[in-house]
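**Q** Just dropping this structure here.
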Amino acid sequence: MLAILLAHACAALLAPLAVRVWGRRGFYPIALAPLAGLVWVLANWNSGAEVRITWAPEIHMNLDLRLDSLASIMAVLVLGVGALVLAYCAEYFDDDDRARLGIFAGYLVAFAGAMFGLVVSDNMLVLFTFWELTTVLSFLLVGHHAEQSTGRRAALQALLVTAAGGLAMLVGLVLLGQRCGSYLLSDVVARADPHDWSTNVAVVLILIGALSKSAIVPLHFWLPGAMIAPTPVSAYLHAAAMVKAGIYLVARLAPGLSEAPVWHPIVLTLGILSMLLAGLRSLQVYDLKLVLAFGTVSQLGFLLVLVGTGTPEAALAGAALLVAHALFKGCLFMVVGIIDHSAGTRDLRRLSGIGRRAPVLCAVAALAALSMAAIPPLFGFVAKESAFAAELDAGNLSPSVRIAVVIGIVLGSMFTVGYSARMVWGAFGTKRATAEDVPEPEPPWHRPSALFVAPPAVLAVASLAAGLASPWMDRLLSPYARTLGPLESHLGLWHGWGTPLTLTLIAIACGLVLFEIRDRIGESVNPRLGNADRVYDAVLRAMDQLSLRMTGATQRGSLPLNQGLILTTVVALPLVLLFIGARSRISVRAWDSSLQLVIALVMAAMALGATVMRNRLASVLLVGVTGYGCGVIFALHGAPDLALTQFLVETLTLVIFVLVLRKFSAEIEPSRTAALKVRRAILSAAVGAAVVIVAAFATAARSTDPIWHRIPPAAYSFGGGKNAVNVLLVDIRAWDTLGEISVLVVAATGVASLMFRSRRFGTLPRVSDAPGYTPDPDRAYWLRAGPLVAPRDRSMVMAMTTRMLFPTIMVLSVYFFFSGHNAPGGGFAGGLTAGLALVLRYLAGGRYELAEALPVDAGHVLGAGLVLSAGTATGSLLLGAPPLSSAIIEVTLPLLGHVKFVTAMLFDLGVYLIVVGLVLDVLRSLGARLDIEFLEGTTSSTKGRMR
């Protein structure tokens, strides 16, 4: 199973290249991935094969895969229809835009892999991960024509509805997993108490996700809208794969949860409503894809009723209909795609005479439609008759509910026959336009190739073969049904003349009557039906208005207001939670030494001084003193790494503050009212008190022995380093560091996007790029960009100091990097030191000097660092080791002697590069970019005075 998932992942990555090289014919080799998976599943049908890999046991997320009977059924549909759809794509698309087509191919085969992962997942959290992957990939596939507003709207609608349902489902899965003590679906089905109130809450939430995914009323409207997607997407996602995910989940949970009090009212009611409303709607639309889309919603409602009934007989009928629906609906969607491709329209009012010009295609469509209408000997008939029999004998339903369900599915089956006939007649019949019986003008038609017709023909023939071989199908499908109890029925073409056969014949006869009066149905009923799209739009508008009002009330562009709201939350929320819950006894020791007290008093005095200072720069410097004081306290506690990092960060922060303050006036405007000062003082005091209180209780809440004494030995034995802090960052807890440096990259991008509003400011200009500058070869300068610095900004002392200190600081930076594994330092400290060296060059010579110091785009440095760290994290996987595994290499070299190298240093090098890139990006944006703005502003004001 892992090999199948990996094959689909590789096929998705290689698909753009295959299509670029071979054009649309590249779909054929791509289809080999699901085809190979299909062969494996058939060879291991219902074998119970399992894969158990520990992944993240702390959050109950392990890679648990299981191929049981239900998973086998779904996997065959997903992989088999997927392979046929990929082959169909090779004839459906043109070679006009190979780049876009290659991306589409990658998305489609990735979707097939995600669906396979979904149906074989036994871990609920892994299942949810694959579930959301299908949601995202569906969004990308439906929005294939992103330049069309209708395509974007349909893709977004499908994403919002299914993702919202998925979030509700996630909460339900977590509730169910916690209640049952296991996140394995097989364990949950066996252990769940269907009468427990928390289990029922979880069931409701899970059903919301399942119903949204399977387009069940009232969450059905996204599926007809998604028909804007290319027909292969509709034939696969909206007939055989994605919309079946919700049905699959209901079928998976039914053996253990169908007795829950909330189960049948939701499943049976919404299933019958979907069957009736969508069946009626399919008799009113004129687009062939919409006819099939509403028919799909109707059939999904039917499936929901069957798999949700909770009896072995209904489960067998549901499994049979699951297979039958994938065969006939996938076939019909492909046929409609061929008609659209060959005739240029899907409007059944404009199509005429296609059956006469394409008899083979007409025969293929007729076979599939006959199966959909439950005409013998097609497999649809076998499934429909067994469904009637199962619901008539459903002993777990009360007699009144059983009668209502049977009446509902009979009425729904009547609509199914009606829209099946309407689809075949609309697509292939010869129509009459006037009372004089004049034939409707026939649209242009070019004959489809045999390879184009082959995929739907395979599905149609399979539907016929499955009907004729129904006893063999019974042996394949019945193991799932037996998971609900002893099975007393079987699939077959003939069970004698009884009530199920009578109901089938009644549905066929009444359905043909509905087909005859189809026009009157549309005229009389359509105005009375609501429009789900309008409801969806109204909900979105209401949410937009609510968000605008909330934003207007809380985000008015006022920094004090925003800070006040955030700080009020910081004060109120933790304290409320603290005092309404259990609290530990606290013991506070004010200080460990008199020096700590002195430093703390200085920090407090500087903080208070910063609040009363009128000069902005003075306030910033006083705040900086508090930061340096914090570094001193770290040093007093014996934490040199923390102290070094604090000093470096504080220095860099001061520089950034100074760069930003150039955009502000030198003096801070006094507060307008005394009341405002009082409110700010109260809030500040409350924040300080809240932080102290929460910190005191947090440190007192320790219930186990500390493990600090175990970290240094573990760092040396596990990571090969004596500096426990650095080993923790780049080895033991490197996942945290990887996330943090990713945040740094995002922060740098955010700063740059705020400053470079119109365009990205790439590599800084070099001295040679300066306009009107000609270097004097006979003259030496302390700085390369020295002549470009304005005389009023030039400082000989600064230039000389920079010339001498820059190499020294860079050497210190390299020393910090290499010594960090065994002494204070590391990639972060080394990167900050190198960043300060760049700051020095910038302050001495401006943007041209900065470019001479590091003539590389900051984005390239950031990207290289992230790629190096991420590559180091995943590189160990190639050797069969867990991610972020490190190796210790010890060699003896001439001159150097014994050298020990830890591969985690490569990860640390990525951290180093990211920090350097961040500083370079900040200097480029807050420094060089503002320099240009000041220069442009000065030039403009000078020109204004001259005028």
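The values are calculated or read from the model by the stated rules, or taken from the named source; none is laboratory data. From a predicted model like this one, the values you see are computed outputs, not experimental measurements. Cβ coordinates were reconstructed from backbone atoms using ideal geometry, including for glycine residues, and neighbour counts include every protein chain displayed.
**Q** One residue is enough: does the stretch 93-109 have a residue meeting the conditions in contact with a His (Cβ under 7 Å, 6 or more places away or on another chain), closer than 20 Å to A3 by Cα and outside the structural domain of G177 (by TED's automatic domain parsing)? Before the answer, list the steps.
**A** If we filter the stretch 93-109 for residues that are in contact with a His (Cβ under 7 Å, 6 or more places away or on another chain), which is where we start, we get 104, 109.
Keeping just the survivors that are closer than 20 Å to A3 by Cα gives 109.
Now narrow it down to the ones that are outside the structural domain of G177 (by TED's automatic domain parsing): 109.
Yes, the stretch 93-109 contains a residue that is in contact with a His (Cβ under 7 Å, 6 or more places away or on another chain), closer than 20 Å to A3 by Cα and outside the structural domain of G177 (by TED's automatic domain parsing).
**Q** Working carefully through the options G845, G865, find the one that is in contact with a Leu (Cβ under 6 Å, 6 or more places away or on another chain), at pLDDT below 80 and either among the hydroxyl-bearing types (S, T, Y) or in a helix (DSSP H, G or I) (or both).
**A** On the way: G865 fails: at pLDDT below 80.
None of the other options fit; the residue is G845.
**Q** Here is a follow-up. Being more than 24 Å from the chain's Cα centre (by Cα) and either buried (at least 21 other Cβ atoms within 10 Å of the Cβ) or not assigned by TED's automatic domain parsing to the domain that holds A226 (or both) is the filter; apply it to the stretch 153-191 and report the residue that is farthest from L303 (Cα to Cα).
**A** C180
**Q** Next up: Between R346, R402, which is within 21 Å of P232 (Cβ to Cβ), crowded, with 16+ Cβ neighbours inside 10 Å and of a type in the set (K, R)?
**A** Result of the check over R346, R402: R346.
**Q** Would you confirm, using the coordinates I've provided, whether L304 is under 20 Å from L77 (Cα atoms) and in the same structural domain as G467 (by TED's automatic domain parsing)? So that I can check it myself, show each step before the final result.
**A** On the way: under 20 Å from L77 (Cα atoms): yes; in the same structural domain as G467 (by TED's automatic domain parsing): yes.
For L304, the condition - under 20 Å from L77 (Cα atoms) and in the same structural domain as G467 (by TED's automatic domain parsing) - is met.
**Q** Residue pairs, Cβ under 9 Å, 6 or more apart or interchain, first in the stretch 486-497 and outside the structural domain of E391 (by TED's automatic domain parsing) and over 16 Å from I375 (Cα atoms), second among the aromatic types (F, W, Y) and surrounded by fewer than 14 Cβ atoms within 10 Å (Cβ to Cβ). List them.
**A** That search, which allows pairs on different chains as well, returns nothing.
**Q** Kindly indicate which of A105, A71 is crowded, with 21+ Cβ neighbours inside 10 Å, more than 23 Å from V189 (Cβ to Cβ) and either charged (D, E, K, R) or at pLDDT below 95 (or both). Write out each step before concluding.
**A** Numbers: A71 fails: more than 23 Å from V189 (Cβ to Cβ).
Residue meeting the stated conditions: A105.
**Q** Out of L617, L648, which single residue is touching a Ser or Thr at 6+ places or on another chain (Cβ under 7 Å) and either surrounded by fewer than 16 Cβ atoms within 10 Å (Cβ to Cβ) or in contact (Cβ under 8 Å) with a residue 60 or more places away in the chain (or both)? Don't jump to the end; show me each part of the working.
**A** On the way: L617 fails: touching a Ser or Thr at 6+ places or on another chain (Cβ under 7 Å).
The match here is L648.
**Q** Still on this structure, please answer the following. Quick one: in the stretch 666-678, which of the residues that are within 17 Å of P560 (Cβ to Cβ) and touching a residue at least 40 places away in the same chain (Cβ under 8 Å) is surrounded by the fewest Cβ atoms within 10 Å (Cβ to Cβ)?
**A** Step one: of the stretch 666-678, the residues within 17 Å of P560 (Cβ to Cβ) are 668-678.
Subsequent filtering for residues that are touching a residue at least 40 places away in the same chain (Cβ under 8 Å) retains 668, 670.
Numbers: I668: 13, P670: 7.
Filtering the stretch 666-678 for residues that are within 17 Å of P560 (Cβ to Cβ) and touching a residue at least 40 places away in the same chain (Cβ under 8 Å), the one surrounded by the fewest Cβ atoms within 10 Å (Cβ to Cβ) comes out as P670.
**Q** Hey, another quick one. Only residues that are touching a residue at least 40 places away in the same chain (Cβ under 8 Å), more than 30 Å from I53 (Cα to Cα) and not in a helix (DSSP H, G or I): list them for the stretch 65-120, please.
**A** F93, D94, D95 - these are the residues of the stretch 65-120 that are touching a residue at least 40 places away in the same chain (Cβ under 8 Å), more than 30 Å from I53 (Cα to Cα) and not in a helix (DSSP H, G or I).
**Q** Does the stretch 193-206 contain any residue that is over 25 Å from I266 (Cβ atoms), surrounded by fewer than 18 Cβ atoms within 10 Å (Cβ to Cβ) and at pLDDT 90 or above?
**A** No - not one qualifying residue is present in the stretch 193-206.
**Q** Something else about it: May I ask you to verify whether V694 is closer than 30 Å to H860 by Cβ and out of contact with any strand residue (DSSP E or B) (no Cβ under 9 Å at 6 or more places or on another chain)? Don't jump to the end; show me each part of the working.
**A** Working: closer than 30 Å to H860 by Cβ: no; out of contact with any strand residue (DSSP E or B) (no Cβ under 9 Å at 6 or more places or on another chain): yes.
No: the conditions fail for V694.
**Q** When you go through L866, L836, L832 one by one, which is the residue that is touching a residue at least 60 places away in the same chain (Cβ under 8 Å) and more than 30 Å from A714 (Cβ to Cβ)?
**A** Details: L866 fails: more than 30 Å from A714 (Cβ to Cβ); L832 fails: more than 30 Å from A714 (Cβ to Cβ).
One residue alone meets the criteria, L836.
**Q** If I ask for residues that are in a helix (DSSP H, G or I) and either surrounded by 10 or more Cβ atoms within 10 Å (Cβ to Cβ) or in contact (Cβ under 8 Å) with a residue 40 or more places away in the chain (or both), which ones from the stretch 573-592 would you list? Don't jump to the end; show me each part of the working.
**A** Within the stretch 573-592, the first condition is being in a helix (DSSP H, G or I), and the residues that meet it are 573-580.
Hits for the stretch 573-592 are L573, P574, L575, V576, L577, L578, F579.
**Q** Still on this model: Can you confirm whether A114 is on the phi < 0 side of the Ramachandran plot and surrounded by 21 or more Cβ atoms within 10 Å (Cβ to Cβ)?
**A** Values: on the phi < 0 side of the Ramachandran plot: yes; surrounded by 21 or more Cβ atoms within 10 Å (Cβ to Cβ): yes.
Spelling it out, A114 is indeed on the phi < 0 side of the Ramachandran plot and surrounded by 21 or more Cβ atoms within 10 Å (Cβ to Cβ).
**Q** Taking the stretch 671-723 as the search range and keeping residues that are charged (D, E, K, R) and in a helix (DSSP H, G or I), which one is nearest to N822 (Cα to Cα)? Don't jump to the end; show me each part of the working.
**A** Step one: of the stretch 671-723, the residues charged (D, E, K, R) are 672, 677, 679-680, 702, 705, 710, 722.
Adding the requirement that they be in a helix (DSSP H, G or I) leaves 677, 679-680, 710.
Numbers: K677: 50, R679: 49, R680: 46, R710: 17 Å.
Only one residue tops the list, namely R710.
**Q** Here's something else I'd like to know. Which helices (runs of 4 or more DSSP H) sit wholly inside the stretch 209-317 and have at least 2 residues that are within 31 Å of the chain's Cα centre (by Cα), of a type in the set (D, E) and crowded, with 24+ Cβ neighbours inside 10 Å? Give the derivation first.
**A** Details: elements: 222-225, 231-236, 244-257, 263-282, 288-309.
In the stretch 209-317, no matching helices (runs of 4 or more DSSP H) lie anywhere.
**Q** For the stretch 14-31, give me each residue that is touching a residue at least 24 places away in the same chain (Cβ under 8 Å), under 16 Å from V85 (Cα atoms) and of a type outside the set (V, I, T).
**A** A15, R24, R25, G26, F27, Y28, A31
**Q** Residue pairs, Cβ under 6 Å, 6 or more apart or interchain, first in the stretch 271-283 and assigned by TED's automatic domain parsing to the domain that holds I208, second modelled with pLDDT of 90 or more and not in a helix (DSSP H, G or I). List them.
**A** S274/I216
**Q** Among helices (runs of 4 or more DSSP H) lying entirely in the stretch 476-572, which contain 1 or more residues that are touching a His at 6+ places or on another chain (Cβ under 8 Å) and modelled with pLDDT under 85? Before the answer, list the steps.
**A** Values: elements: 499-516, 518-525, 532-554.
Qualifying helices (runs of 4 or more DSSP H): 532-554.
**Q** Can you pull out every residue in the stretch 854-896 that is within 28 Å of Y842 (Cα to Cα) and surrounded by fewer than 16 Cβ atoms within 10 Å (Cβ to Cβ)?
**A** Residues satisfying the conditions are P855, V856, H860, G863, V867.
**Q** Out of L351, L322, report the one residue that is touching a residue at least 12 places away in the same chain (Cβ under 8 Å) and part of a helix (DSSP H, G or I).
**A** Values: L351 fails: part of a helix (DSSP H, G or I).
Exactly one residue qualifies, and that residue is L322.
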